[in-house]
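Single-structure report; data block below.
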Amino acid sequence: MGVSIHYRGRIADQSILPHMVEEVEEIARVHKWKYQIYNREFPVNSTSNDELFGIIIQPSGCEPVNFTFLANGRLCGAANLACWGKETKSPYTEYLYMN
């Protein structure tokens with residue numbers, strides 16, 4: 001039997017995104033986990049919520065963990081964006097089939 005963790009939130013300070021992505025990427029590399037980086041910085045004055053900003057990691061033997069946000073700062077996973085957003089090509093599908 002597995003454990004599911006559900007979480008939600010917002011990024012408090014959008015200027016820290018590049019540093020957060022860098023730190024999470026380093027952790028993924030050290031542990032040899034798969035990861036996918038989306039945009040490293042938020043756009044200036046954008047209200048479009050059809051693009052992701054941040055990083056997704058996949059620890060060994062686990063489902064992906066999203067550290068990805070919409071332009072408004074709300075936490076959003078790639079699968080949610082593919083299902084509910086304006087995205088026509090699923091970034092989640094690309095992530096699952098990374099080499």
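The values are calculated or read from the model by the stated rules, or taken from the named source; none is laboratory data. What you see is a predicted model, and the numbers here were worked out from it, not measured in a lab. Every residue, glycine among them, receives a Cβ derived from its backbone with ideal geometry; neighbour counts consider all protein chains shown.
Which pairs do you get when a residue that is small (Gly, Ala, Ser), found in region 1-14, comes within reach of a residue that is modelled with pLDDT of 80 or more, reach meaning Cβ atoms under 6 angstrom, with the pair 6+ apart or on two chains? Listed pairs, sorted by first residue: Gly9/Leu75. Taking the criterion of being farther than 22 Å from Val3 by Cα and among the hydroxyl-bearing types (Ser, Thr, Tyr), the residues of region 14-65 that qualify are Ser15, Tyr38, Ser46, Thr47, Ser48. Inspect all residues belonging to region 85-95 and state whether any of them is crowded, with 19+ Cβ neighbours inside 10 Å, of a type in the set (Gly, Ala, Ser), in contact with a helix residue (DSSP H, G or I) (Cβ under 7 Å, 6 or more places away or on another chain) and at pLDDT below 85. No, every residue in region 85-95 fails to be crowded, with 19+ Cβ neighbours inside 10 Å, of a type in the set (Gly, Ala, Ser), in contact with a helix residue (DSSP H, G or I) (Cβ under 7 Å, 6 or more places away or on another chain) and at pLDDT below 85. Here's a check for you: in region 25-45, which residue that is in contact (Cβ under 8 Å) with a residue 24 or more places away in the chain and in a strand (DSSP E or B) is nearest to Ser15 (Cα to Cα)? The selected residue is Gln36.
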